[in-house]
Amino acid sequence: MDDVIAVSDPEVAQIIAAEQRRQETTLELIASENHVSPAVMAAAGSCLTNKYCEGYSGKRYYGGCGEYDKVETLAIERVKQLFGCGFANVQPHSGANANAAVFMALMEPGDTFLSVVLSDGGHLTHGSPVNMSGKWFNAVHYPLVYDESREDYGRIDYDEVARLAAEHRPKLILCGYSAYPRTIDFERFAAIAADCGALVMADIAHIAGLVATGAHPSPFPQCQVVTTTTHKTLRGPRGGLIMTNDEALAAKFDKAVFPGLQGGPLMHIIAAKAVAFAEALDPSFGDYCRQIVDNAGALAAGLLEQGCHLVSGGTDNHLMLMDLRPSWPETTGKQASAWLEAAGIITNKNTVPREERSPFTTSGLRLGTPALTTRGMKEPQMQQIAGLIGRVLNDQGCPETIDTVRAGVLELCQQFPMPH
Ligand SMILES: *Cc1c(COP(=O)(O)O)cnc(C)c1O
């Protein structure tokens, strides 16, 4: 495939080749990223990109959709088996689109929903003022527990969720986050929602793979709506999904996705989703997800040994959130991630609870283990990587340290190649 591009468009081919090299020679610790299998990649690059299939299986607006009906149905059946739910829409182009479709299906403009304080680990689509969800709906936010002397420091303040739900009577209560290292208590959310007549929407974009394999509790049957991406821990192509057990809600979601929000579905991506779901149904994917969690635990323990401070003190899932303020008050997330990138360690700056810096600067770093685990790394490598990260931070980005760490990173990358 790459050779074909090299002949027809050397400029783009060169960019793709350079990116391939970057992925091969750096350690990917961005918690929302992964390396897909060659089969997922091939399906995403297949001739299924050529077809218009507006509508749903058996109800298309164009002729010639027979094979596409089969592949979309296959993807839906696999999702249902994977997550144990009754209905799924596999057409959302992204997690953001899945969330927008649910909002469109369940709320009118101006309606109130409840979600986490965005700088405490929430997602843009959960009510940011610059996003449709915050512009057209009334977002009320619940906090984490900020008091470090409390045992549940850094976890969701469920009592506040209950208080705000009773006060504001939202239509929807959102749980599921982008930078939350702890287990989500879906039952608690469901009980709070039942008390105020709200529905619970669990956005499991980050933890979908863990949920599918039992490495994190499932939002079913407690939550009425579950949205996710397919490209994070689930290790599929970039895309979104909506799931429910309620037939009437499912019909509303289908209408909201098409014709409400999107046009023609990305059938090559839906085929790639089907391939990824089959991979996730294989028992080996359960081993993979358990290793992601074990690796995160090992990385967190190693970072704590290096003097790092982790929000909530550690992790239950695939990610951790480093608060730089206690150990390195002058170091911003932006600075730290730039130093680490120079050493070949790719992370992202992230806000931390009670953040005082801007989202472009931040006081935190988010780190996750899904991509490293895909490369076959285990606890000893996590220990080693924690040491490398600690050196860069403790030496405050000293150029000699960065050079030494970069050499260590390259050695690890050679030992653990990407899937191909
Ligand atoms: C990543 C993420 C999304 C959005 O996914 P995109 O595919 O980037 O639109 C939505 N919700 C949460 C919680 C996420 O982490």
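Observations on the model:
- The set of residues in segment 86-106 that are of a type outside the set (A, V, I, L, M) and buried (at least 22 other Cβ atoms within 10 Å of the Cβ) comprises Asn89, Gln91, Pro92, Gly95, Asn99, Phe103.
- For segment 238-261, filtered to residues that are closer than 18 Å to Gly84 by Cβ and more than 16 Å from the ligand (Cβ to nearest atom), the residue that is surrounded by the most Cβ atoms within 10 Å (Cβ to Cβ) is Thr244.
- Residues in segment 66-99 that are of a type in the set (A, V, I, L, M) and within 15 Å of the ligand (Cβ to nearest atom): Val90, Ala96, Ala98.
- Hey, Gly344 touching a His at 6+ places or on another chain (Cβ under 7 Å) and surrounded by 17 or more Cβ atoms within 10 Å (Cβ to Cβ) or not: no
- Subset of segment 191-211 [open to solvent by less than 20 Å² (accessible area, probe 1.4 Å) and away from the ligand (no atom under 16 Å from the Cβ)]: Ile192, Ala193, Cys196, Ala198
- In segment 262-284, residue surrounded by the most Cβ atoms within 10 Å (Cβ to Cβ) [restricted to those that are of a type outside the set (Gly, Ala, Ser), over 17 Å from the mean Cα position of the chain (by Cα) and outside any loop (DSSP other than H, G, I, E, B)]: Ile269
- Inter-residue pairs, beta-carbon under 9 Å, first assigned by TED's automatic domain parsing to the domain that holds Arg375 and in segment 10-30, second part of a helix (DSSP H, G or I) and surrounded by 12 or more Cβ atoms within 10 Å (Cβ to Cβ), 6+ apart: none
- For segment 87-98, the criterion of being of a type in the set (A, V, I, L, M, F, W, C) and closer than 21 Å to Tyr177 by Cβ is met by at least one residue.
- In summary, Ala166 fulfils each of the numbered conditions (1) under 23 Å from Asp111 (Cβ atoms); (2) under 21 Å from the mean Cα position of the chain (by Cα); (3) of a type in the set (A, V, I, L, M) with the single exception of condition (2).
- Of all residues making up segment 213-233, the number that are more than 16 Å from the ligand (Cβ to nearest atom) and touching a helix residue (DSSP H, G or I) at 6+ places or on another chain (Cβ under 6 Å): 4
- Residue match in segment 156-164 (condition: touching a residue at least 24 places away in the same chain (Cβ under 8 Å), open to solvent by less than 10 Å² (accessible area, probe 1.4 Å) and within 30 Å of His35 (Cβ to Cβ)): no
- Filtered residues of segment 147-169 (kept if of a type outside the set (Gly, Ala, Ser) and in contact with an Asp or Glu (Cβ under 8 Å, 6 or more places away or on another chain)): Tyr153, Ile156, Tyr158
Conditions (1) surrounded by 23 or more Cβ atoms within 10 Å (Cβ to Cβ); (2) over 20 Å from the mean Cα position of the chain (by Cα), marked per residue:
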| site | (1), (2) |
| --- | --- |
| Pro359 | no, no |
| Thr362 | yes, no |
| Lys378 | no, yes |
| Gln383 | no, yes |
| Ala386 | no, yes |
| Gly390 | no, yes |
| Gln396 | no, yes |
| Pro399 | no, yes |
| Thr404 | no, yes |
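- Listing of strands (runs of 3 or more DSSP E) fully contained in segment 62-146 that carry 2 or more residues being more than 23 Å from His231 (Cα to Cα): 112-116, 138-142
- Any strands (runs of 3 or more DSSP E) falling wholly within segment 301-410 and containing at least 1 residues that are acidic (Asp, Glu): 319-323
- Some residue of segment 297-316 being among the aliphatic types (A, V, I, L, M), in contact (Cβ under 8 Å) with a residue 24 or more places away in the chain and open to solvent by 30 Å² or more (accessible area, probe 1.4 Å): yes
- Restricting Glu72, Glu24, Glu54, Glu33 to residues that are acidic (Asp, Glu), open to solvent by 30 Å² or more (accessible area, probe 1.4 Å) and over 27 Å from Ala338 (Cα atoms) narrows the list to Glu54.
The values are calculated or read from the model by the stated rules, or taken from the named source; none is laboratory data. Here the structure is a predicted model, which is why all the values come from computation and not from measurement. Glycine gets a Cβ as well: all are built from the backbone with ideal geometry, and neighbour counts include every protein chain shown. Each accessible area value is taken on the protein alone, full model and side chains, heavy atoms only, with ligands, DNA and RNA left out. Shrake-Rupley method; radii C 1.70, N 1.55, O 1.52, S 1.80 Å.
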